[in-house]
Each structure stands twice: as C-alpha cells, then as structure tokens.
Amino acid sequence: MSIRDVYIVDAVRTPIGKFGGALASVRPDDLAAHVVRALVDRSPALDPARVDDVYFGDANGAGEDNRDVARMAVLLAGLPVTVPGVTVNRLCGSGLEAVIQAARAIALGDASVAIAGGVESMSRAPWVLQKPERAFPAGHQQLHSTTLGWRMTNPRMPAEWTVSLGEGAELIADKHGITRERQDAFALASHRKAAEAWAKGLYDDEVVPYPDVDLTRDESIRDSTPEALAKLKPSFRPQGGTVTAGNASPLNDGAAALLLVDEEGLRETGREPLARIRTSAVTGVEPQLFGLGPVEAVHRALGKAGRSFADLRTFELNEAFAAQALGCLAEWPELDPEIVNPRGGAVAIGHPLGASGARLAGSVAHQLAAAGSGTGLAALCIGVGQGLALVLER
C-alpha cells in the first residue's frame, strides 16, 4: 500500500479572546462551527459533501462542547449531515493531534478531504459535581472547576506527579537556572512580536473574526514594560517563585481549523497548497516536567523527516510558560532561537487549550507559504507529561 502525500490547503482561526473577554459569550460549539464554515467558504470549488471527516481537538468536553464538538460543529456550520466528526483529546496537544489523525487517515487512503482543528472556551468551562458514593448524603458537596489543571485526582497518583502546572514550570526554571528576569524578558518579546505581526498584517490571511463580536485581533496582547512585569507577585511559590501571570500564557477562548487533502482533493479545490505534512512524533516524560515534553518529540519528528534544526525556516513552539519554553530551548542548543515564534507566542496570543495545536500548525503553514519554500515545525508541551511535534514542508 502506498502512502499518499497530505497537503494543507488552508488554515483559519478566530482571534484569541481573554478569559471572560469578548468571546466569553460564544459557546465553544459555535466557535468551532464558525471556523469550519469559514474554511469551507474559502474553497468554493470544493463541494462540502466531499469532506470525508472532521477531526477536532477539545481538552474539556464537560460542558457546551457536548462530548463530540466536532460533530456539533459540522451540523451548526451547515455542512451536509453526511459529513461525520470525531473529537480527540490530548489535552494541550488536542488541536495538533486532530491534524495528525486527519493527515494519517488521508495518507493511508481512508480519506481524501478532511478538516482538522480545535476549540476551547475556558471562560465557559463548567463546574462539575461528583456523584456521592452513597445515596442521600447529608453534608455539602464540592464543585470542581474544569477550566484548567488537575481535578478529582486519583489518590494512587504520586504527589510529585500531580503538582500544579505552574509549579511544574518552576521545577523547569530550577532545573535550568532560568531567572525571573529572563522569563519576563521572554514574555515581553512574545508580546512585541505578536503586536508587530498584527501591525504588519501578517495575520490577515488566517484570522476570521466571529460575527457580531467586537474582536478583530488577539485580546491578550499587552504593551507592558520590564518594570511592570517585575512588580507582579509569583503565582505558585510565594517565596522565591519566578512564574507570574505576566510570564505565563493566560486563560483563553478560541478555535482554529485546517483543510487537509490528498492529490485528488487538491485538484478539486483548485488551489495551491500552503504546505505538505511530512512527519510527526509524540513522547512522554515525567508528569511534573511536562513542559519539557517537546524536547524528544521534536528530535524524533525531525529524525523521521531526515531533517535537522539547521533545515528549519520557522518553528512554532507553544509558550505555556516562559520558563517552559526557555527550558526546551536550553535543551536544543543547536537551534537558532530567532526562528522560534517569529509572530509571537502563546504568552501574548493566548492558549485556548484544545485549539492551540491547530493554531500552531496553521501558522507554520502560512509562514512557509509566505516564504515560498522551507521546512517548519510545530510543537507543544502537554499536561501530565507528553510532547507532540509536527514537521511541515513547502
């Protein structure tokens, strides 16, 4: 059986909203439907009924994302009811996992045309209540937030594995001697690059604002200063901590989607592809060091592609925390940091969990198309200790 080439024809995303911000009034299934509809509308030569499957990443699934948000998005977007949808969950890597699974289906001949993406509304993530172990309990019951992090943790999990995400970032800062000042400087650079990218119109080809919402660019980008960041208190270690709200990614809402095709599907779209999917890799690490998950995943993905860091034109690395991103960079001494997140990263743009991986893949594809040729890479760390990476080429 021959393996088919897989092309990214197009990639779109919403502006990323702040927690409780402009997109907080929008349900996650509506956010997902919006990018699906926008993606289909941008390829008018393609019959929507030709879409073989829709893959969507979603890290929550406990509320309005309604168990299978991919299928809900298909229906709400007005695609034919014959188009199926599947929702995947690899926590922060869910959107990229959706792209990888869709690409794998096309490469193996199980599909010719697929949509892959991700969505998250952290603003609208519900509280959940465990069922009591016995009927008619007399005491109070605890609600658990599903916005972020561990909840209803299994007591058999070792305590060192179940530290908060922020404490995990502090552990990486300890491991690599990453100071508060370096983290703040990294965060400022992320905001500056994101603001410059928007000012230059570099996001105009991929961002599709949600209708009737006053948000046309990413809402979390700030014009800060070293002095302002230095005043922020540590968020996870009151004494001696280095991770703050200013050098970590915020809580966010948003969605992203990509159109993937084989050669036959490409002819039907009548479009030139942005990029071709080359290889991917996933790895595991100790849960508390989740932030270093991309390190080995990137090495494996590049190795399978027969490429090295020197071959990369651009690299989109999700910035869950400045300490986490700097920790990964410390373990890739041969990588030129100037090619990493040239249009800003998640510290500035935001990190709507299930959507971020799709945003990264789409951004790499658009950057390669703008350059005309080259190799690009998208990678994320993942809570509970995983890393995911995807290599694209043009």
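A370 falls short on exactly one of the conditions (1) open to solvent by 40 Å² or more (accessible area, probe 1.4 Å); (2) in contact with a Leu (Cβ under 7 Å, 6 or more places away or on another chain); (3) farther than 30 Å from D174 by Cβ, and that condition is (2).
A residue that is part of a helix (DSSP H, G or I), touching a residue at least 12 places away in the same chain (Cβ under 8 Å) and either farther than 30 Å from I339 by Cα or open to solvent by 70 Å² or more (accessible area, probe 1.4 Å) (or both) can be found somewhere in segment 162-177. In the set E272, E331, only one residue is out of contact with any strand residue (DSSP E or B) (no Cβ under 9 Å at 6 or more places or on another chain) and of a type in the set (D, E, K, R); that residue is E331. Are any of the residues in segment 82-95 in contact (Cβ under 8 Å) with a residue 60 or more places away in the chain and hydrophobic (A, V, I, L, M, F, W, C)? Yes, that holds for at least one residue. Does at least one position in segment 376-383 carry a residue that is at pLDDT 95 or above, surrounded by fewer than 24 Cβ atoms within 10 Å (Cβ to Cβ) and not in a helix (DSSP H, G or I)? So far as segment 376-383 goes, yes, one or more of its residues are at pLDDT 95 or above, surrounded by fewer than 24 Cβ atoms within 10 Å (Cβ to Cβ) and not in a helix (DSSP H, G or I). When G61 is tested against (1) at pLDDT 95 or above; (2) under 18 Å from the mean Cα position of the chain (by Cα), exactly one condition is not met: (1).
One residue alone among A33, A45, A49 is aliphatic (A, V, I, L, M) and open to solvent by less than 30 Å² (accessible area, probe 1.4 Å), and that residue is A33. Residues that are open to solvent by less than 80 Å² (accessible area, probe 1.4 Å), under 19 Å from S235 (Cα atoms) and without any contact (Cβ under 8 Å) to a residue 24 or more places away in the chain within segment 139-150 comprise just one, S145.
Of the residues making up segment 262-284, just one is open to solvent by 50 Å² or more (accessible area, probe 1.4 Å) and either in contact with a His (Cβ under 9 Å, 6 or more places away or on another chain) or hydrophobic (A, V, I, L, M, F, W, C) (or both), namely V282. Across segment 178-206, the qualifying residues are those that are of a type in the set (S, T, N, Q) and in a helix (DSSP H, G or I), and the one among them that is farthest from the chain's Cα centre (by Cα) is Q183.
Are any residues in segment 266-293 in contact with a Ser or Thr (Cβ under 9 Å, 6 or more places away or on another chain) and assigned to a helix (DSSP H, G or I), and if so, which ones? If you could, list the steps in order and put the result at the bottom.
Within segment 266-293, the first condition is being in contact with a Ser or Thr (Cβ under 9 Å, 6 or more places away or on another chain), and the residues that meet it are 268-271, 278, 287-288, 293.
Matches in segment 266-293: E268, T269, P287, Q288.
Just give me the residues in segment 109-137 being hydrophobic (A, V, I, L, M, F, W, C) and either open to solvent by 70 Å² or more (accessible area, probe 1.4 Å) or within 19 Å of the chain's Cα centre (by Cα) (or both), in sequence order.
A114, I115, A116, V119, M122, A125, W127, L129, F136
From the list L289, L302, which one is over 22 Å from I16 (Cβ atoms) and open to solvent by 10 Å² or more (accessible area, probe 1.4 Å)? Reasoning before the result, please.
On the way: L302 fails: open to solvent by 10 Å² or more (accessible area, probe 1.4 Å).
Exactly one of L289, L302 is over 22 Å from I16 (Cβ atoms) and open to solvent by 10 Å² or more (accessible area, probe 1.4 Å), namely L289.
Pairs linking a residue in segment 352-367 that is touching a residue at least 40 places away in the same chain (Cβ under 8 Å) to a residue that is open to solvent by 10 Å² or more (accessible area, probe 1.4 Å) and aliphatic (A, V, I, L, M), with Cβ atoms under 8 Å and 6 or more positions apart or on different chains, are L353/A59; L353/L91; L353/L148; G354/A59; A365/L274; H366/L274.
Scanning segment 53-69 for residues that are free of Cβ contacts under 8 Å to residues at least 60 places away in the same chain and surrounded by fewer than 24 Cβ atoms within 10 Å (Cβ to Cβ) turns up G61, N66, R67, D68. There is at least one residue in segment 238-250 that is closer than 16 Å to R359 by Cβ, open to solvent by 20 Å² or more (accessible area, probe 1.4 Å) and touching a helix residue (DSSP H, G or I) at 6+ places or on another chain (Cβ under 7 Å).
The values are calculated or read from the model by the stated rules, or taken from the named source; none is laboratory data. Here the structure is a predicted model, which means the values were calculated and not measured. All Cβ positions, even for glycine, are placed from backbone atoms using ideal geometry, and neighbour counts span all protein chains on display. What goes into the accessible areas is simple: the full protein's heavy atoms, side chains included, and nothing from ligands, DNA or RNA. Shrake-Rupley method; radii C 1.70, N 1.55, O 1.52, S 1.80 Å.
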